[in-house]
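Derivation of every value follows stated rules applied to the coordinates shown; laboratory data play no part. This one's a predicted model, so the numbers in the text were calculated from it and none came from an experiment. All Cβ positions, glycine included, derive from the backbone under ideal geometry; neighbour counts span all protein chains shown.
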Amino acid sequence: MLVRNSAGLFARILPFLVPLTCYAQATDHRVVVYYQTTHYNGSTTNDVSLLPLINSQPEVSVTHVLIGAIHVVTEEQGWIRLNDFTPDNPIFDHVWSDAAALQAAGVTVMAMVGGAAAGSWPRLGGDEANFELYYGHLRNFVGTYNIQGLDLDVEQSMPLSDIIRLIDRLKADFGEDFIISLAPVASALTEGGGNLSGFNYFELEAQRGSSIDFYNGQFYFGWGDASSAADYEDIIDDGFPAEKVVMGQLTNPANGNGFVDFDRVLPVIQELTAENPTFGGVAGWEYFNSLPGGDSAPWEWAAWMADAMESGASVVKREISSTEKLRRAVRKEYRQLRREAKHFYRNYIA
């Protein structure tokens, strides 16, 4: 049993209560934009352009654009689909030309595979013959459209061995510079948390962490909460490195349940960046209607996120109120107790 007396607790908190200033190492953090809605209002001609992400402001804020959703389908359906059509459909011409322009500006362009629609993961699983049949078409898609990485959004149950096989083949075919991310619900990155993927992310990280660049945790739909730092910190406390965990959030309340207003989420991002110099960044679902600009200026979201992280990571001295010092100190003490309790429990049942 872990017991702490009040004097011991006070002694551990005391250093945080004395006058201090907060410094954070300046570093680069990911600003990830999911791009699924490619046309406004269901039109096939009213394009949602990505170009303002690189043309509308003096500095480019976005680091990664994830085009999706890519579905692995049957031969009759064309093998690979981007949403409802094959990727070579003329309605996507602007997607690929915009993607090339973003890449020329230094933005990483990836594709998101899977998501809520069922079907892709059984086709990329199973026996070797089944895997080879469908994987070959995914590989060809990546090469044809100069995709720099894949975001694997596994929202149906899949064996760990199947996702490992896919990761291994992608690295073998496209090299170590090919980016692989996954998009679990945030709770799947905590011990015993809810999980849609079937496999255990702790086991995946232990076996193939060197091949996985980052995780776009879904902090919405009840799987995580972006209105405070607590759920993100739970993930870090359970063992995932901050540099690999991206806080995914909704960019507009119309995009689902769990949207957090800017006046609540920006301080959280600043705090996480200040407390974790290697903070993995933020991701937004999705681009076309991102606030604060909405349909008319969705690119503004990326700039706001980048500014929040730059502010949090700034090496410029920032004063912290005594109340905030106390709050952070108590939370840190709680996190330490929680880590020790979990460690004790794991050792006890081992």
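With 0.36 nm allotted per residue and the present C-alpha distance subtracted, the LEU51-ALA129 stretch has 24.0 nm of extension available.
Take MET158, MET309 and order them by how many other Cβ atoms sit within 10 Å, fewest up front. Mind showing how you got there, number by number?
Values: MET158 21, MET309 26.
The fewest-first ordering by Cβ neighbours comes to MET158, MET309.
Once each part is reduced to its C-alpha centroid, what is the distance from the stretch 179-214 to the stretch 288-307 in angstrom? If you average the Cα positions of each part, the centres end up 28 Å apart.
When a/c is below 1.5 the answer is rounded, else prolate if a/b is larger than b/c, else oblate, so apply that to the stretch 187-308 with a ≥ b ≥ c taken from the square roots of the Cα gyration tensor eigenvalues.
Details: a/c = 1.89, a/b = 1.60, b/c = 1.18.
Prolate, since a/c reaches 1.5 and a/b exceeds b/c.
Stokes-Einstein diffusion of the stretch 26-318 at 37 °C, 0.692 mPa s viscosity, Kirkwood radius from Cα pairs, rounded to a whole number: 171 µm²/s.
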